[in-house]
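Structure first, commentary second.
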Amino acid sequence: MNEAIPVSRVTDHGTAKLMPDVDRRRAWLLTVDGAPQSYVDLDEPAHLEFEYTRRLGHVLDTVAEPGRALDVLHLGGGAFTLPRYLAATRPGSRQDVVEADRGLLRLVAEHLPLPDGAAVTTHGFDARAWLEAAAADSADVLVADVFGGSRVPAHLTSVAYAREAARVLRADGVYVANLADGAPFRFLRGQLAGFATLFEELALIAEPGVLRGRRFGNAVLVAAHRPLDTAALARRTAADAFPARVEYGPALRDFIGEARPVRDEDAVPSPEPPAGAFGIG
């Protein structure tokens, strides 16, 4: 797109808007039904604007030695912020992006095309349906960032869903998800409890005010069968422009407490954010 003109289009799941950033020449904000979904800078694909995407980026930076190409499955596409990031920081990575809103996929392809050479394949499918049909042991990393509006859909919150994620990941693979909750963290604790039944190692990354229950916000869940480099994650997140804390081990087990894994029949979406929690401005 040559001119920085806002774009609005009704897609399969809502009204998507692309708005130019006046401070960065080729940077764009994507919203769906008013909720911020993605921010991309076409000239600097390694630039991560949102706090939670920076934390996801820290995880992706530490799952393997710098520059090593990975096979990555993304559930949730948005404007492809993290696929662009990985194409820039880990050239040669093979990436699959599953996005249920095919109209959104067309909008992004038209106005925010992926860079030449990026090995990214898009799939217009429901995330869980696609995951259930995916080959076992086929991904080094699974990134889940699926929101219907501002809520994680219920069918992506159960232990049955987590079991499918574990099946698709390789033995040394890493699962990382963007979630959102606030005190008393019933949703977040249930998610952690479910993944704890399937993965030996867990970590949670969030802004300290969120973890203390002072406000609603994003939290990044990380799960693996191998030790996570929590020291490196803690250094990166603490030094970030938006500092965060990494919880793991006994502290995380205390946080989970008596929470139980979520069954499909009991699954509900993540809680509705308070007014203004994820607003713009």
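Between THR122 and VAL97, the built amide H atoms are under 5 Å apart, and every one of these is 5 or more places off in sequence or on another chain. Once the Cβ-Cβ distance of ARG167 and ALA109 is raised to the sixth power relative to R0 = 25 Å, the FRET efficiency obtained is 0.25.
The distance from the alpha carbon centre of the stretch 205-256 to that of the stretch 107-177 is 22 Å, rounded to a whole number. Classified by the C-alpha gyration tensor, the stretch 175-248 has an oblate form. Its axis ratio a/c, with a ≥ b ≥ c, is 1.5 or above, and a/b does not exceed b/c.
Going by the alpha-carbon gyration tensor, a ≥ b ≥ c the square roots of its eigenvalues, is the chain rounded (a/c under 1.5) or, if a/c is not under 1.5, prolate (a/b greater than b/c) versus oblate? Here the chain falls in the rounded category. Residues whose amide H comes within less than 5 Å of that of ALA180, counting only those at least five positions distant or on another chain, are ALA219 (H built at 1.01 Å from N in the peptide plane).
At a probe radius of 1.4 angstrom, the accessible area of the stretch 158-281 per residue rounds to 47 square angstrom.
The ALA275 and ALA154 beta-carbon pair, evaluated with R₀ = 22 Å, returns a calculated FRET efficiency of approximately 0.50.
On the accessible surface of the stretch 1-156, probed at 1.4 Å, how many percent belong to carbon and sulfur atoms? Could the numbers behind the result be given before it?
Values: 3320 of 6760 Å².
That fraction is 49 percent.
Express as a percent, rounded to the nearest 5, the fraction of DSSP beta bridges in the stretch 118-227 (both residues included) that run antiparallel.
Details: 15 of 20 bridges.
About 75 percent, rounded to the nearest 5.
Here the gap between THR15 and ASP71, fully extended at 0.36 nm per residue and compared with their Cα-Cα distance, gives a gain of 17.0 nm.
Among 7-17, 201-211, 250-260, the peptide with the highest mean count of other Cβ atoms within 10 Å heads the list, and the full ranking is 201-211, 7-17, 250-260.
The values are calculated or read from the model by the stated rules, or taken from the named source; none is laboratory data. Because the structure is a prediction, the values reported are computed rather than measured. All Cβ positions, glycine included, derive from the backbone under ideal geometry; neighbour counts span all protein chains shown. Note: accessible area is taken over every heavy atom of the protein model, side chains too, but ligands, DNA and RNA are not part of it. Shrake-Rupley method; radii C 1.70, N 1.55, O 1.52, S 1.80 Å.
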